[in-house]
Amino acid sequence: MGTAGKGKPAAAGGVALMVLAVWLLPTVARAQLRVGFYDTSCPNAEALVRQAVAAAFAKDAGIAAGLIRLHFHDCFVRGCDGSVLLTVNPGGGQTERDAAPNNPSLRGFEVIDAAKAAVEQSCPRTVSCADIVAFAARDSIALTGSVSYQVPAGRRDGRVSNASDALADLPPPTFTAKNLTDLFAAKNLSVEDMVVLSGAHTVGRSFCNSFVNRVWDQSATPPKAIVDAGLSASYAALLRALCPSNTTRETLITTAMDPGTPNVLDNNYYKLLPRGMGLFFSDNQLRVDSAMAALVSSFAANEALWKDKFAAAMVKMGRIQVQTGTCGEVRLNCGVVNPSSAAVEMVGSSAPAAGEGGVATS
């Protein structure tokens, strides 16, 4: 009995240590991301990514919105690990980029590939694809909204990409306020973070299939014209004229999410919502919930405030479930995992860890 009595406290202590270690994991991962991670190992990494983004933007200003969305869709599924870039899943089955929320709407892959090629030529086997995605999103925000902020880096690339994960973790345009709140909370993002990040809908375009059910009742025979709650009748008429009543996922017609300034990252999204010009059902939900509506009004009145919070929210989002240290890998090709024989280690600088601050808006 004496031996058993001594064993119990030891076991309890072991469990306590295990629980503490698990609890500390997000904090440890967060500390391992830092601004200037590549200052020593690849000092021109961020400049090379910036050049690739600028070159693509010069040819197509709409690519910036695609790169911002690419970062969001990467981080919300399995964390910010570049898994959205994979074209082949080693375990078989469809990858994230093949899933309905991403195909055919997600874009910018060729820009990431170009940036990766430039970085690999300068600093082989050093900079992860996940970090390149984060840098590219930041540079796109600077080009479209004159917003600058520092990106803590040190992410590693994941080795798994499942279409089913994208379906489970990406918010569809039909989500309610509660759906949105719950999903963002699961990613450690607040209601304010969600409303702030929704402002990214001020740039980019959407396929008709994402909102057609707001202007056409396709269950009727023939389809019947409708105006969804919270949608302006005149805006609905414009959307109806653009999108045919028989729209499906294969209908490749698109419209600007912000018809006023589609390639400018500004606060116009928040100004459009009270006018019944939120394109998606989920956009209008920001008006239905009183707490969200108050934030919408605040950001509509103060663009500088929103931009400050948007930059900070992007940094926070960029920390979701990151792989760091010896977890994951540094892919040689962003579209495929490394061959098992490839030993690739990430080498970073000894710069201090970055906090949530360090955000600048111009």
Based on Cβ point charges of +1 for Lys and Arg and -1 for Asp and Glu, what charge dipole magnitude is obtained for the chain about its Cα centre, in debye rounded to the nearest 20? 420
So for the chain, averaging the separation of alpha carbon pairs under 8 Å that are six or more residues apart and normalising by length, what relative contact order in percent results? 27
Specify which residue in the list Ser290, Thr126, Gly158 is farthest towards the positive end of the charge dipole of the chain, using unit charges on the beta carbon of Lys, Arg (+1) and Asp, Glu (-1), about the Cα centre. Ser290
Measure off, as a whole percent, the carbon and sulfur share of the 1.4 Å-probe accessible area of segment 25-181, all protein chains present. 55
Give me the net charge of Asp157's neighbourhood, meaning all other residues with Cβ under 12 Å from the Cβ of Asp157; Lys, Arg count +1, Asp, Glu -1. +3
Cross-link pairs beyond the 31 Å C-alpha cut-off, checked among Lys59/Lys271; Lys59/Lys187; Lys116/Lys271; Lys59/Lys309; Lys116/Lys178: Lys59/Lys187; Lys116/Lys271; Lys116/Lys178
Which label belongs to the value computed from this structure, given these candidates for Cα Rg over 2.2 N^0.38 Å: (1) 1.01; (2) 1.07; (3) 2.54? (2)
Which helices count as membrane-span-like in the chain under these terms: full DSSP H, at least 30 Å along the axis by C-alpha, Kyte-Doolittle mean of 0.5 or more? 2-32
Let me know the charge dipole size of segment 235-344 about its Cα centre in debye, to the nearest 20, where only the beta-carbon of Lys, Arg (+1) and Asp, Glu (-1) is charged. 80
Going by amide H atoms built from the backbone, whose H comes under 5 Å of the H on Trp216, apart from near neighbours? Ile226
Distance (nanometres) between label positions extended 7 Å along Cα→Cβ at Asn338 and Asp60: 3.1
What is the percent carbon and sulfur in the accessible area of segment 253-295, measuring with a 1.4 Å probe over the protein chains and ignoring ligands? 58
Listed residues Arg155, Arg107 arranged by accessible area, highest first, probe 1.4 Å: Arg107, Arg155
Quick check: net charge around Arg107, other residues with Cβ under 15 Å of its Cβ, Lys/Arg +1 and Asp/Glu -1? -2
With a probe of 1.4 Å, find how much accessible area the chain has per residue, and write the answer as a whole number in Å². 44
Area accessible to solvent at Val336, 1.4 Å probe radius, in Å²: 50
Calculate the dipole size of segment 184-255 relative to its Cα centre from +1 charges on Lys and Arg beta carbons and -1 charges on Asp and Glu beta carbons; express the result in debye to the nearest 20. 180
Hey, what do the phi angles of segment 159-173 turn into as Karplus ³J(HN,Hα) couplings, whole Hz, using 6.51/-1.76/1.60 and θ = phi - 60°, x for Gly and Pro? 10, 10, 8, 10, 4, 4, 5, 5, 5, 7, 10, 9, x, x, x
Nonlocal amide H pairs with Cys42, under 5 Å, H built at 1.01 Å: none
Relative contact order of segment 108-260 (C-alpha contacts under 8 Å, at least 6 apart) in percent is 17
Relative contact order for segment 98-154: what percent, with Cα pairs under 8 Å and sequence separation of 6 or more? 24
Want the number for Ala304 to Thr254: 0.36 nm per residue separation, take away the alpha-carbon distance, what's left? 15.1 nm
Using θ = phi - 60° and the Karplus relation 6.51 cos²θ - 1.76 cosθ + 1.60, list the HN-Hα couplings for segment 92-100 in order, rounded to whole Hz, with x at every Gly or Pro. x, x, 6, 8, 4, 6, 8, 5, 3
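The values are calculated or read from the model by the stated rules, or taken from the named source; none is laboratory data. Computed from a predicted structure; not experimentally measured. Here Cβ is always computed from backbone atoms with ideal geometry, including for glycine, and neighbour counts include all displayed protein chains. Quick note on the areas: whole protein, heavy atoms, side chains included, nothing else; ligands and nucleic acids left out. Shrake-Rupley method; radii C 1.70, N 1.55, O 1.52, S 1.80 Å.
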